[in-house]
Amino acid sequence: MSSDERKEADEWLDARGIGDLEVRDALMSRILRHPELVNRAAEPHGFANCYVHHPGDLVIEWCCGDSAEVVCANLLAQGFAEGLPPEKAIELFSQNSIGFGDGTVILRRHSSCLYGSNAAKVTEAIQKRYES
């Protein structure tokens with residue numbers, strides 16, 4: 001590992017002072033076991049943009065389809081926040097942005113379509129890739 005890689009790895013272990021790595025690990029494990037919930041949110045275009053926003057965070061964002069509240073309710077119904085300390089379970093950042101586990105997983109729905117008139121073409125291209 002280079003010194004830059006080592007530094008980044010160390011930051012992932014102690015970023016933002018995450019004091020409870022078990023909460024982070026539990027949430028990451030749970031979201032990976034329920035991809036159908038992410039796929040449901042992303043259904044209009046066939047995908048959700050999933051990325052790391054900061055060490056410890058997984059951001060799931062989409063522009064059309066279910067609201068952030070509906071996706072949150074679906075996750076909660078599947079036991080996503082079960083067993084988490086109440087103060088770390090869920091935080092409503094805004095109408096379109098919800099955090100779980102002290103910001104470990106963030107749901108973010110854009111208020112307008114990111115693809116505009118190209119949305120149908122983008123969706124069709126993604127669906128074709130899954131067919132092959």
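Loop-resident GluC sites (Glu not before Pro) (DSSP state other than H, G, I, E or B) in region 55-89 with no more than 14 further Cβ atoms inside 10 Å of their Cβ: Glu82. In order along region 113-118, phi translates into HN-Hα couplings of 5, 7, 10, x, 5, 8 Hz, rounded to whole numbers, per the Karplus curve 6.51 cos²θ - 1.76 cosθ + 1.60 with θ = phi - 60° and x for Gly and Pro. Largest GNM mean-square fluctuation across Ile98, Ile31, Ile60, computed for the chain with C-alpha springs under 10 Å, falls on Ile31.
Each other residue within a Cβ distance under 15 Å of Tyr115 adds +1 if Lys or Arg and -1 if Asp or Glu, for a net charge of -1.
Might you report the magnitude of the Cβ-based charge dipole of region 90-129 about its Cα centre, with Lys and Arg at +1 and Asp and Glu at -1, to the nearest 20 debye? Could you put the intermediate results ahead of the total?
Values: 5 positive and 3 negative charges, 64 e Å.
That gives a dipole near 300 debye.
Dipole magnitude for region 19-132: computed about the Cα centre from +1 point charges on Lys and Arg Cβ and -1 point charges on Asp and Glu Cβ, it is near 420 debye.
Comparing Asp20, Asp57, Asp66 in a Gaussian network model of the chain where C-alpha atoms under 10 Å apart are linked, the largest mean-square fluctuation is found at Asp20. Near Val105, the amide H atoms lying under 5 Å from its own belong to Leu58, Phe100; only residues 5 or more places off or on other chains count, and H is placed 1.01 Å from N. Dipole of the chain computed with +1 at Lys/Arg Cβ and -1 at Asp/Glu Cβ about the Cα centre; of Leu107, Pro44, Val71, farthest Cα towards the positive end is Pro44.
Once the Cα atoms are used to define both axes, helix 3-14 deviates from the longest principal axis of the chain by about 80 degrees. For the chain, a Gaussian network of Cα nodes joined below 10 Å ranks Phe80, Phe93, Phe47 by mean-square fluctuation, and the top entry is Phe93.
Other residues within the sphere of radius under 14 Å centred on the Cβ of Cys63, judged by their own Cβ, net out at -1 (K and R +1, D and E -1). Lys/Arg Cβ at +1, Asp/Glu Cβ at -1, dipole of the chain taken about the Cα centre: which of Ile90, Ala120, Leu27 is farthest positive-ward? About the Cα centre, the residue reaching furthest to the positive side is Ala120.
Here, each number is a calculation from the coordinates, and none is a lab measurement. These figures come from a predicted structure and were not determined experimentally. With ideal geometry, Cβ positions are generated from the backbone for all residues, glycine too; neighbour counts draw on all protein chains shown.
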